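Derivation of every value follows stated rules applied to the coordinates shown; laboratory data play no part. As the structure is a computational prediction, the values presented were derived from the model and not from experiment. Note that each Cβ is placed from the backbone with ideal geometry, even for glycine, and that neighbours are counted across all protein chains shown.
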Amino acid sequence: MSRRAPGLALATAAAYLVGAAPASLAIEVRVTTVKASPSGPSDAQLQELRPRLRRLVGYRAFRVVQEQRRRCVWHTPTAFVLPGGRALSIVPRGVRDETVVMQVRLMDGSRALVDTDVRLQNGGVMLLGVERGARAEAGALIIMLRAEE
């Protein structure tokens, strides 16, 4: 007859009752901020995404302004400070059917520009476009969000 540690049995029972937990305690999240302009050169690393970027905001030139990469713990908010005083908060919720489920909140001061739950294909890219100003010459900011298990 084998004896198990009481804590191990309790943890195993809790995992069974809650459901399958993610394999790791965190997920890698990459947030890339891109400046879109009416004209000019584009960064080589954005060439593959250029058609999607053009459809999103209608501009022709794209330049990476900032790139951040973090391990985000499941069910815990992680904040990313973005250019222009905006903030992006990510709360990874879990993995279902090869997609990463997470809450995404984009804030401009106290005003929420985006507040939604998304399902992002593992390793896929989600694009958010944000106007820079009323004039087309001001361009736009694009936030590229990628999550990988």
* Given Cα pairs under 8 Å that are at least 6 residues apart, what percent is the relative contact order of region 22-148? -> 28
* **Segments 29-42, 57-70 sorted - mean Cβ within 10 Å per residue, highest first** => 29-42, 57-70
* Asked: Quick one, what does Rg over Rh come out to for region 22-148 if you take C-alpha atoms and the Kirkwood Rh?
  -> 0.98
